[in-house]
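Trainee: Pasting in a structure now, in structure tokens, and then I'll have a few things to ask.
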Amino acid sequence: MLTRRAFLRGLAGIGGAFFAGGAYGFGVEPHLRLRVQRWQVSPPGWTAGPLRIVALADPHLGKPFMGAERLARIVERANALEPDLIVLLGDYVASHPLVLEKVPSATTAAVFRGLKAPLGVHVIMGNHDWWDDAEIQVRRTGRPAMQRVYEAAGLSVLHNAAVRIGEGAGAFWLLGLGSQIAYVQTWDPVNRRVLPRAGADDLDGTLAQVTDTAPAILLAHEPDIFPRVPDRVSLTLSGHTHGGQVRILGYAPVVPSRYGNRFAYGHIVEEDRHLVVSGGLGCSVAPLRFGSPPEITVIELG
């Protein structure tokens, strides 16, 4: 028979576990942990030989949780992995209310300039990099301020663009999309009307820039584009979800995707098409991660 003392002891234990879990999720995992997550991917149609890609996604820079100093340590560790290619998958600005000081875009770009890979460092923008630009939200055209700063710093930013990398049998195409949710619903004070939520992505236009049969890799900040990606693309790389940011027994209760956990995290294969979704580095909404530690994502291709 369950006694009152045993009941209260059990209740206290449950309360203590929740408190400890919350303390870990806010104070330890998002700020003190960093793992290297490796995926071995061998998609059909990949003919360019072995390729090691390091992907950095969603740093969400803002003090005190993700400052330039912490980013510099991440850059140093990424370089130590000796990648052939480095890709940055978007969301460079923090968005949760506990940010005490923003990290200037120029500072972030300067730190990223320290990344080194023989085949280059290539960048796409994330939805928060668009949302942070109030002017472009109304103008609905052009490049967000973050992109202009990165380009001025000499970084290769792909916005609905394709670039051919390498020579001969080792050549491949790298494609980069604009954010699929770049524009929030907002008020246009000039024309006095509500502007709807919209994307800045152009998958068809980007694919049209591929002019030969060399294999292709697609960078798309949000993974929701994946069902539309043709098998002409060997591999799609995405971020955005943070793996749900909270994962319990491999399941994320909340995922910023209309597909839920389908594209929340990891190496996903559907109809011989391959997608890798990085768990990312930072936090959105709140500086909390649980069961989904910050990660540098390594893709061993071929």
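Trainee: Write out, first by first residue and then by second, each pair whose Cβ atoms fall under 6 Å of each other, whose residues are 6+ apart or on separate chains, and whose first residue, in segment 108-137, is in contact (Cβ under 8 Å) with a residue 12 or more places away in the chain while the second is crowded, with 21+ Cβ neighbours inside 10 Å and charged (D, E, K, R).
Mentor: Listed pairs, sorted by first residue: Gly126/Asp91; His128/Asp91.
Trainee: Separate question: Could you give every pair whose Cβ atoms fall below 7 Å, whose first residue belongs to segment 231-249 and is within 25 Å of Gly302 (Cβ to Cβ), and whose second residue is of a type in the set (Gly, Ala, Ser) and outside any loop (DSSP other than H, G, I, E, B), counting only separations of at least 6 or pairs across chains?
Mentor: Pairs found: Arg232/Ala216; Val233/Ala216; Ser234/Ala216; Leu237/Ala55.
Trainee: Just the residues that are under 19 Å from Tyr92 (Cα atoms) and part of a strand (DSSP E or B), please, taken from segment 278-297.
Mentor: Result: Glu295, Ile296, Thr297.
Trainee: While we're looking at this one, here's another question. Mind telling me which of the residues Gln185, Gln147, Gln209 ends up being closer than 21 Å to Leu281 by Cβ and out of contact with any Ser or Thr (no Cβ under 8 Å at 6 or more places or on another chain)?
Mentor: Gln147
Trainee: Please enumerate the residues belonging to segment 156-173 that are surrounded by fewer than 18 Cβ atoms within 10 Å (Cβ to Cβ) and either of a type in the set (Val, Ile, Thr) or outside the structural domain of Arg197 (by TED's automatic domain parsing) (or both).
Mentor: Val163
Trainee: Residues in segment 188-202: is at least one under 19 Å from the mean Cα position of the chain (by Cα), farther than 25 Å from Arg143 by Cα and not β-branched (Val, Ile, Thr)?
Mentor: Among the residues of segment 188-202, not one is under 19 Å from the mean Cα position of the chain (by Cα), farther than 25 Å from Arg143 by Cα and not β-branched (Val, Ile, Thr), which makes the answer no.
Trainee: Looking at segment 257-274, which of the residues that are touching a His at 6+ places or on another chain (Cβ under 8 Å) and surrounded by fewer than 24 Cβ atoms within 10 Å (Cβ to Cβ) is farthest from Val233 (Cα to Cα)?
Mentor: Here is the first cut: in segment 257-274, the residues touching a His at 6+ places or on another chain (Cβ under 8 Å) are 257, 267-268, 274.
Now drop any that are not surrounded by fewer than 24 Cβ atoms within 10 Å (Cβ to Cβ), which leaves 257, 267-268.
Values: Ser257: 21, His267: 15, Ile268: 14 Å.
Top of the filtered list is Ser257.
Trainee: If I filter segment 90-105 for residues that are farther than 23 Å from Arg228 by Cβ, modelled with pLDDT of 95 or more and surrounded by fewer than 20 Cβ atoms within 10 Å (Cβ to Cβ), do I get at least one hit?
Mentor: Checked against the condition, which is being farther than 23 Å from Arg228 by Cβ, modelled with pLDDT of 95 or more and surrounded by fewer than 20 Cβ atoms within 10 Å (Cβ to Cβ), segment 90-105 yields at least one hit.
Trainee: Then there's this: Mind counting the residues in segment 280-302 that are of a type outside the set (Asp, Glu) and within 15 Å of Ile53 (Cα to Cα)? Quick ask: steps written out before the conclusion?
Mentor: As a first pass, look at segment 280-302 and keep what is of a type outside the set (Asp, Glu): 280-294, 296-299, 301-302.
From the residues that got through so far, the ones that are within 15 Å of Ile53 (Cα to Cα) too are 280, 296-299, 301-302.
Matching residues across segment 280-302 total 7.
Trainee: Starting from segment 268-284, keep only residues that are among the acidic types (Asp, Glu), then list their pairs with residues that are surrounded by fewer than 23 Cβ atoms within 10 Å (Cβ to Cβ) whose Cβ atoms are within a distance under 7 Å, requiring at least 6 positions of separation or different chains.
Mentor: Asp272/Pro44; Asp272/Asp231
Trainee: Could you check Pro83 against (1) under 15 Å from Ser278 (Cβ atoms); (2) out of contact with any Lys or Arg (no Cβ under 9 Å at 6 or more places or on another chain) and say which number it fails?
Mentor: Condition not satisfied by Pro83: (2).
Here's the yes/no breakdown for (1) part of a strand (DSSP E or B); (2) surrounded by 19 or more Cβ atoms within 10 Å (Cβ to Cβ); (3) of a type in the set (Val, Ile, Thr):
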| position | (1), (2), (3) |
| --- | --- |
| Thr141 | no, no, yes |
| Gln147 | no, yes, no |
| Glu151 | no, no, no |
| Gly154 | no, no, no |
| Leu175 | yes, yes, no |
| Ser179 | no, yes, no |
| Trp187 | yes, no, no |
| Asn191 | no, no, no |
| Val194 | yes, no, yes |
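The values are calculated or read from the model by the stated rules, or taken from the named source; none is laboratory data. On a predicted model such as this, the values are computed, not experimentally measured, just so you know. Virtual Cβ from ideal backbone geometry, glycine too; neighbours counted across all protein chains shown.
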